[in-house]
Amino acid sequence: MSGSTLIGLPPAIVLVVGLSVLLLATALAGVYLASRSPSVPPGQRAVVFLTVGGTLVTWFALVFALGLGGAFRITTAEEFRPTLLLAVLLSTALAYILPRWLEPFRLVLNAVPPHWLIAVHVFRVGFGAVFLLQLAQGLLPAEFALPVGAGDVVVGAAAPLVGYLVLTQRPGWRAAALIWNLAGMLDFLDTVAIVTLAAPGPYQQLVLTPPLIPGVFPQSLLPTFVVP
């Protein structure tokens, strides 16, 4: 049973799905605690939690079902479709727009302490480890898995420390937060660049071995749910 779990699924699938569900549960717990903040009027707390929490669960269920059904998978340039790109752009846009348009989202965002938003990035350790695991199994090209996987592990491992520095405002906390944030952005941009240049489609410039196949489930959860 080498390379598979006791229930017969590849370890990467179990890890990605498990970590994604755990991240969703953590986000819901954070939304609940934020909705109980003194800055949220008592009469609006239930509505705030149900609105924001319900949106998270609905979006997760949607991209989970679409990914499982193969809607985001691209294996050849001929079958290229913008489904994955549209889902990424829509989820990112919603994450930016909703707190500015709808009060429940704005109340939650204002009530969440900055160090919470930093510390939750510890999940990147697990997702980065998945890429490195798939590299070791020969399922991902080194040109993608090494920089992206190692970058996620480093940024994720530093998140609790940076969050602690921000919470306690120890000397140098602003610089630490800035450097950590820049490292996280560079890791994200590196991922986007490699996927754009190496994935089958009109923008492909690199041919990697093994080929990089974006949108395959459950890795499709990363750009459509985890990252935004």
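Each reported figure results from applying straightforward, stated rules to the coordinates on display, with no laboratory input. All values derive from a computational prediction rather than experimental measurement. Heads up, the Cβs are rebuilt from the backbone with ideal geometry, glycines too, and the neighbour counts pull from every protein chain shown.
Maximal additional length on extending the Glu143-Arg106 stretch stands at 9.4 nm, based on 0.36 nm per residue less the C-alpha distance.
Answer rounded, prolate or oblate for region 179-228, using the Cα gyration tensor with square roots of eigenvalues a ≥ b ≥ c: rounded when a/c is under 1.5, else prolate when a/b is larger than b/c, else oblate. Write out the running numbers ahead of the final one.
Values: a/c = 2.49, a/b = 1.39, b/c = 1.78.
Since a/c reaches 1.5 but b/c is at least a/b, the shape of region 179-228 is classed as oblate.
Between Val122, Ser39, Ala95, whose Cα lies farthest towards the positive end of the dipole of region 11-226 when Lys and Arg beta carbons carry +1 and Asp and Glu beta carbons carry -1, centred on the Cα centre? The residue sitting most towards the positive pole is Ser39.
Take the alpha carbon gyration tensor of region 61-147, find the square roots of its eigenvalues, order them as a ≥ b ≥ c, and report rounded if a/c is under 1.5; if not, report prolate when a/b exceeds b/c, else oblate. The shape class here is oblate. Length available on full extension from Ala193 to Arg174: 0.36 nm per residue minus the Cα-Cα distance, which gives 4.0 nm. Between Val21 and Ala93, full extension at 0.36 nm per residue minus the direct alpha carbon distance yields a gain of 23.7 nm. With R₀ set to 41 Å, the beta-carbon distance separating Ala183 from Val47 gives a calculated FRET efficiency near 0.65.
Residues of region 123-153 falling in the label zone of Ile13, defined by backbone nitrogen less than 19 Å from a point 7 Å along Cα to beta-carbon, are 127, 130-140.
Cα gyration tensor of region 117-159, axes a ≥ b ≥ c as square roots of the eigenvalues: rounded (a/c below 1.5), prolate (a/b > b/c) or oblate? Taking the square roots of the gyration eigenvalues as a ≥ b ≥ c, region 117-159 is prolate. Taking only alpha carbon atoms, the chain gives an Rg to Rh ratio of 0.99, where Rh is the Kirkwood radius.
Dipole magnitude for the chain: computed about the Cα centre from +1 point charges on Lys and Arg Cβ and -1 point charges on Asp and Glu Cβ, it is near 680 debye.
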